[in-house]
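Colleague: My questions all concern the structure below.
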Amino acid sequence: MDNTCSPSWDQIDITGANRTIIDDVKSVYDLIFPYTLCPQELFIMILEINQLRTKASASLLLYEADPAHALEAHDLISRIERFLPESWAQGRPFFSEWLLLGKIYKAAVSLYCTMSLQSLTVLAPTVSLQATQTETGNELLSNLRSALKKPKLARHMVWPLVVAGIEVMHRGEATQNWIETSLGDLSRQLGTSCPLTARTVLKRYWKGGVAGWDECFDRAYVFII
């Protein structure tokens, strides 16, 4: 997840073998899950988006756009859409809370996918895609407001808040102020400065006035997750 908040050209390469990374993460996912509460299927998609960002960034530097990257991006979008939070939460105790988590991470991963790949020109900024992003952003913000009222869930909301923070560039100061306040509250609750670092990065991004995933992260911020 650290690579989501790093420039596309400056990713952490664990093994150098894409398939190996995913298989390794699947094998230790039960150890990761308590710290993220991100459904495994979506967590793996985050890794795949990271890998596509790396490939697309390399192609962009060489001025060699690869049409296969757009096909891969649309496949990822379709797979994210097919994820059903209701099915993932079914059978778990405290169903409503698991359902809320599933909805939050689905929306956050969807926005990460489209916004980060638009920054690399893999996805075109079409009217329909922008409308989808706005609708997904609305859903994410609404569910985040609910989750932050639940102490057990709130501590896991830093990354989704960062994603929302990038999406709200043009939503106005009221929404930006709410995200800023929420990150400050999480810093006190968690006893760490990581949410404050995220807040500083987002405030600089909003002040810059230029929307885009790669416009937000000028360097690797692996410690804000």
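Colleague: Can you give me the C-alpha center-to-center distance between the stretch 1-60 and the stretch 153-225, rounded to a whole angstrom?
Modeller: Taking the Cα centre of each part, the stretch 1-60 and the stretch 153-225 sit 20 Å apart.
Colleague: Rg (Å, one decimal) plus Dmax (Å, integer) for the alpha carbons of the stretch 1-129?
Modeller: 15.4, 51
Colleague: With viscosity set to 1.567 mPa s at 4 °C, what whole-number translational diffusion coefficient in µm²/s follows for the stretch 46-118 from Stokes-Einstein and a Kirkwood radius over Cα pairs? It would help to have the intermediate numbers written out before the result.
Modeller: Details: Rh = 13.6 Å.
Estimated diffusion coefficient is 95 µm²/s.
Colleague: By average Cβ neighbour count within 10 Å, what is the ranking of 195-203, 104-112, 215-223 from highest down?
Modeller: On the way: 195-203: 19.4, 104-112: 26.2, 215-223: 15.7.
Highest-to-lowest ranking by the protection proxy: 104-112, 195-203, 215-223.
Colleague: Grab every C-alpha pair in the stretch 126-170, bin the distances at 5 angstrom width from 0 up to the longest one, and report whole percents.
Modeller: Percent of Cα pairs in each bin: 5, 22, 28, 22, 13, 7, 3, 1.
Colleague: State the answer as a single residue: which of Ala107, Asn177, Val122 lies farthest towards the positive end of the charge dipole of the chain, with beta carbon charges of +1 for Lys and Arg and -1 for Asp and Glu, about the Cα centre.
Modeller: Highest projection toward the positive end goes to Asn177.
Colleague: Please work out, to two decimal places, the log10 of the ratio I(q)/I(0) at q = 0.22 Å⁻¹ from a Debye calculation in which every Cα of the stretch 83-176 carries one identical scatterer.
Modeller: Those come out to -1.12, one per q.
Colleague: With N residues in the stretch 106-225, what two-decimal value do you get for its Cα radius of gyration over 2.2 N^0.38 Å? Before the final figure, lay out each step's value.
Modeller: On the way: Rg = 13.7 Å, N = 120, 2.2 N^0.38 = 13.6 Å.
Dividing the Cα radius of gyration by 2.2 N^0.38 Å gives 1.01.
Colleague: Express the accessible area of the stretch 80-225 per residue in Å², computed with a 1.4 Å probe while the remaining protein chains stay in the model. If you can, show how the numbers build up before the last one.
Modeller: On the way: 6840 Å² over 146 residues.
Result: 47 Å² of accessible area for each residue.
Colleague: Another question, if that's okay. Using the Kirkwood radius built from alpha carbon pairs, what does the Stokes-Einstein equation give as D for the chain at 25 °C and 0.890 mPa s, in µm² per second?
Modeller: Numbers: Rh = 17.8 Å.
Stokes-Einstein gives a translational diffusion coefficient of 138 µm²/s.
Colleague: Could you check which residue among Glu64, Glu86, Glu135 shows the biggest mean-square fluctuation in a GNM of the chain with a 10 Å Cα cutoff?
Modeller: Glu64
Colleague: By average Cβ neighbour count within 10 Å, what is the ranking of 49-58, 72-81, 170-179 from highest down? Please list the in-between numbers first.
Modeller: Details: 49-58: 20.7, 72-81: 16.1, 170-179: 14.1.
Going from most to least packed, we get 49-58, 72-81, 170-179.
Colleague: I've got another one for you. At a Cα cut-off below 19 Å, give the aspartates and glutamates reachable from Lys103, other chains included and same-chain residues fewer than 8 away excluded.
Modeller: Glu41, Glu81, Glu86, Glu135, Glu139, Glu167
Colleague: Give the carbon-plus-sulfur fraction of the accessible surface of the stretch 128-225 in %, rounded to a whole number; probe 1.4 Å, heavy atoms of protein chains only. Don't skip to the end; give the middle numbers.
Modeller: Working: 2320 of 4710 Å².
Within the stretch 128-225, the accessible surface is 49 percent carbon and sulfur.
The values are calculated or read from the model by the stated rules, or taken from the named source; none is laboratory data. Since we're looking at a predicted model, the values are computed, not measured. Note that we place each Cβ from the backbone using ideal geometry, even for glycine, and neighbour counts take in every protein chain shown. Side chains included, ligands, DNA and RNA excluded: accessible areas come from the protein's heavy atoms. Shrake-Rupley method; radii C 1.70, N 1.55, O 1.52, S 1.80 Å.
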